[in-house]
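These notes are about the structure you will find just below.
The values are calculated or read from the model by the stated rules, or taken from the named source; none is laboratory data. Model, not experiment: these values are computed from the prediction. No Cβ is skipped: glycine too gets one built from the backbone with ideal geometry, and neighbour counts run over all protein chains shown.
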Amino acid sequence: MQNEKTAVPVLELKEVTKTYGTGRAAVKAVEGVSLSIAAGEVVVIMGPSGSGKTTMLSISGALLSPTSGSIWVAGQEINRLGTRELSKTRLRHIGFVFQSFNLLPSLTAIENVMVPMTLARVPKREARKRAENLLSELGLGERLTHYPSELSGGEKQRVAVGRSVANKPQLILADEPTGNLDSRSGHFVAELLRNIAKEQGKGIVIVSHDMRIVDIADRVLWLEDGKLREETGDSFATDPVCKMRVQIADAAGFHDYKNERYYFDSLKCLKQFSEEPEKYLKGGPVESGM
Amino acid sequence: MIRFAWKSLWLEKTRLALSTGGIALAILVILLIEGVFAGVEEQATAYIDKGKADLFVMQEGVANLHMASSFLPPAIENGINDIEGVKKAVGITYSNTTAEIGGNRIFSYVIGFDPQETIGGPWKKVKGTQDISPDEVVLDKIIAAQNGVGLGDEIKVMGRSFKIAGLSQDTFSIVSSITFLRKATVAELNQRPNSINYVLVETEAGSDPRSVARRIEKRFKVNAMTQEEFSQSDRLMIRKMGIDIILAMSFISLVIGLAVIGMTLYTATLDRFRDYGVLKAVGASRFQLYTTVAVQSLVTALLGFVAGLLLAYLSKFAVTAIFPELLIVLPIRAVIEAFVAILIISVLATIIPVRLIEAVDPMVVFEGA
């Protein structure tokens, strides 16, 4: 870890501000954000809708220019680059994972994974072999020639993850990667991203509302009104009824019992707990915090 | 990316069929109107184009058959026959007039010909006879059918009655059909019994009609034009007259058709906007995006073009079967022009959406399903 910290960050934002509109109609979507992501690090950015998460991800992914500040990807300042160089940066250094998968529906799973390699002019045979290996590692070895319409949500997202790492980028940006997945698939994809970060040394930034994903994060950041702050372990608790991770500030409610405060994901959980607290505290109260 | 472009195109067959169908219909309209226009021109100059004459000799200063008057002395016919390179020179008489047929007044070119000669008269087999007497007429068969007359019936030409002895083919025109009388009869009707109006010249094999024309003009004070020159001159005259409307229709149909094609391709491209947005996010260069969109537009356009061309040829036969008076000609020139136009439109319909994709809002790829 020490080496990773002294190495060049895979992503660095310095005092980045993005303003939409001008004059009195100007809205600061992101304001003075600074952030550094090291290789092998998983950072989750959370925040309410409209807080600037997507804007920040777009800027980090060289899809949107900031109004001010600078962005460094793999040691290169990208906000001074032209369109062509930005495309190359996205192609070589950044992988994207989207909430709605965004696979190309006319291409099979293996062809979707081959797309970034084709764009990067990797020889076809090599690209096919690499895509085949990637999908096999992702547990999709039997689904290579299936079209997206023939895959489940979890399978689609695994293909999307395969596509994101196809060109061996240092940075992966994921927008709500578990947002459209059931609990099991969501957990699988979250673990997959963590493994990729740890085993392949990639920096991963995940924007999400999904509390389950906090478990895989090295750091959790909170973006609100365009400003970023680091969350501490005290910001979270586990709902003793449904065992969901709850952000204390966003909890549906709390219940004090035997000098402990418990936070709940929903009012239903709160009600159930209030009626029979001991039932949910067998083996002692559930530890609050991360 | 070509593979993606190709597969993406065929993924949604209904959309492809609609795009191709829209383009095919636009091509059909363009080619049919162009075909009608070309047909009208061909019908209007049929007498010049279909007969065997290589040269047409007329009064000096005259350059047309349509809406023109030319008078020549009868002796000139023999004089031209003596010129080097002339195989045969035959005089005809001629008038632009109206004929009363079945109670209707029909505008007509009245040609006075010599039934014994091989040029000057009907060029296709006539139903009945073309060896007519001074009181007989050869009438176009479509005009006859349209006006409810047939062989043995009478029509009036320049106030005089004639019995229909023959029905000619390929002599109909919506501009002016051709009616054949004997040469001397037309001269009498023109009240110039000893004159001829044009001389039709067949040239010797191997001789250059243009050189022969120059020799005729050198010897006599006349205008001698080759078949191509005379035909072109009449087509120009016809365009300057009422056919401008058809030309305007043809132009408008071309513009509307091309606009339909452009909109179809533009819409088809926008329908795949999200896919292009994904490609852009993943790192596709501007060139790669252009190539992808261009392949899809061009394949769609070419499929539509081929389908439109087939439809146009099928419609040509269907329309002429229903409306025999309409001649639809699909000249190669019009087909090539439509092809080039569609290529240009395809490129334009590619450039505009790709420019939009270049400025794609990142939300396109980040927004949830």
ask   = What number of residues within segment B:268-292 are touching a Phe, Trp or Tyr at 6+ places or on another chain (Cβ under 7 Å) and of a type in the set (Val, Ile, Thr)?
value = 2
ask   = Considering B:Leu309, B:Leu314, B:Leu279, B:Leu270, which residue is modelled with pLDDT under 85 and in a helix (DSSP H, G or I)?
value = B:Leu270
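What do you reckon, is A:Leu173 within 14 Å of chain B (Cβ to nearest Cβ), within 24 Å of A:Ala62 (Cβ to Cβ) and either touching a Cys at 6+ places or on another chain (Cβ under 6 Å) or in a strand (DSSP E or B) (or both)?
Spelling it out, A:Leu173 is indeed within 14 Å of chain B (Cβ to nearest Cβ), within 24 Å of A:Ala62 (Cβ to Cβ) and either touching a Cys at 6+ places or on another chain (Cβ under 6 Å) or in a strand (DSSP E or B) (or both).
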ask   = Among (1) farther than 17 Å from B:Ser250 by Cα; (2) more than 10 Å from the chain's Cα centre (by Cα), which single condition is B:Ala44 missing?
value = (2)
key: Among the candidates B:Ala187, B:Ala165, residue that is crowded, with 18+ Cβ neighbours inside 10 Å, assigned by TED's automatic domain parsing to the domain that holds B:Thr118 and assigned to a strand (DSSP E or B)   = B:Ala165
inquiry  = Which condition from (1) more than 14 Å from B:Val282 (Cβ to Cβ); (2) within 13 Å of chain B (Cβ to nearest Cβ); (3) β-branched (Val, Ile, Thr) is the one that A:Thr89 breaks?
reply    = (1)
ask   = Within segment B:16-39, can one find any residue that is of a type in the set (D, E, K, R), surrounded by fewer than 23 Cβ atoms within 10 Å (Cβ to Cβ) and in the same structural domain as B:Leu270 (by TED's automatic domain parsing)?
value = no
inquiry  = Of all residues being modelled with pLDDT under 90 and of a type in the set (Lys, Arg) in segment A:176-218, which is farthest from A:Asp265 (Cα to Cα)? Just the residue, please.
reply    = A:Arg184
task = Check A:Ala160, A:Ala131 and return the single one that is in contact with a Gly (Cβ under 9 Å, 6 or more places away or on another chain) and in a helix (DSSP H, G or I).
result = A:Ala131
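Confirm whether A:Leu107 is farther than 26 Å from A:Gly179 by Cα and assigned to a loop (DSSP other than H, G, I, E, B). First the steps, then the outcome.
Details: farther than 26 Å from A:Gly179 by Cα: no; assigned to a loop (DSSP other than H, G, I, E, B): yes.
Considered against the rule, which asks whether it is farther than 26 Å from A:Gly179 by Cα and assigned to a loop (DSSP other than H, G, I, E, B), A:Leu107 comes out as no.
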ask   = If only one of A:Leu138, A:Leu134, A:Leu192, A:Leu104 is farther than 22 Å from A:Ser208 by Cβ and more than 12 Å from every other protein chain (Cβ to nearest Cβ), which one is it?
value = A:Leu134
request  = For B:Ser211, state whether it is farther than 15 Å from B:Gln59 by Cα, among the hydroxyl-bearing types (Ser, Thr, Tyr), surrounded by fewer than 23 Cβ atoms within 10 Å (Cβ to Cβ) and not assigned by TED's automatic domain parsing to the domain that holds B:Gly85.
outcome  = no
ask   = What residue, among those in segment A:202-234 that are assigned to a strand (DSSP E or B) and among the aliphatic types (A, V, I, L, M), is farthest from A:Ser60 (Cα to Cα)?
value = A:Val220
Strands (runs of 3 or more DSSP E) completely within segment B:57-154 that count 3 or more residues being under 21 Å from B:Phe230 (Cβ atoms) and touching a helix residue (DSSP H, G or I) at 6+ places or on another chain (Cβ under 7 Å) = B:86-101, B:104-113
message = B:Leu258 - would you say it is under 30 Å from B:Leu289 (Cβ atoms), surrounded by 15 or more Cβ atoms within 10 Å (Cβ to Cβ) and either free of Cβ contacts under 8 Å to residues at least 40 places away in the same chain or outside the structural domain of B:Ser161 (by TED's automatic domain parsing) (or both)?
response = yes
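Filtering segment B:316-333 down to residues that are within 16 Å of B:Leu25 (Cα to Cα) and surrounded by 15 or more Cβ atoms within 10 Å (Cβ to Cβ), which residue is nearest to the chain's Cα centre (by Cα)?
Checked segment B:316-333; the qualifying residue nearest to the chain's Cα centre (by Cα) is B:Leu330.
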Criterion: β-branched (Val, Ile, Thr), in contact with a helix residue (DSSP H, G or I) (Cβ under 6 Å, 6 or more places away or on another chain) and at pLDDT below 85 - qualifying residue of B:Thr226, B:Thr203, B:Thr264 = B:Thr264
key: Given (1) more than 18 Å from A:Gly203 (Cα to Cα); (2) within 14 Å of chain B (Cβ to nearest Cβ), index of the condition A:Thr67 fails   = (2)
ask   = Does at least one position in segment A:146-164 carry a residue that is in contact with a strand residue (DSSP E or B) (Cβ under 7 Å, 6 or more places away or on another chain), of a type in the set (Val, Ile, Thr) and either facing chain B (nearest Cβ under 8 Å) or more than 14 Å from B:Leu279 (Cα to Cα) (or both)?
value = yes
key: Looking only at segment A:148-191, and only at residues there that are within 23 Å of A:Leu91 (Cα to Cα) and surrounded by fewer than 20 Cβ atoms within 10 Å (Cβ to Cβ), the one that is nearest to the chain's Cα centre (by Cα)   = A:Lys168
note = Per the filter on segment A:50-61, residues farther than 29 Å from A:Tyr147 by Cα and within 13 Å of another protein chain (Cβ to nearest Cβ) are A:Gly50, A:Gly52, A:Lys53, A:Thr55, A:Met56, A:Ile59, A:Ser60
query = Going by the conditions given, is A:Gln200 within 13 Å of chain B (Cβ to nearest Cβ), out of contact with any Gly (no Cβ under 7 Å at 6 or more places or on another chain) and not hydroxyl-bearing (Ser, Thr, Tyr)?
reply = no
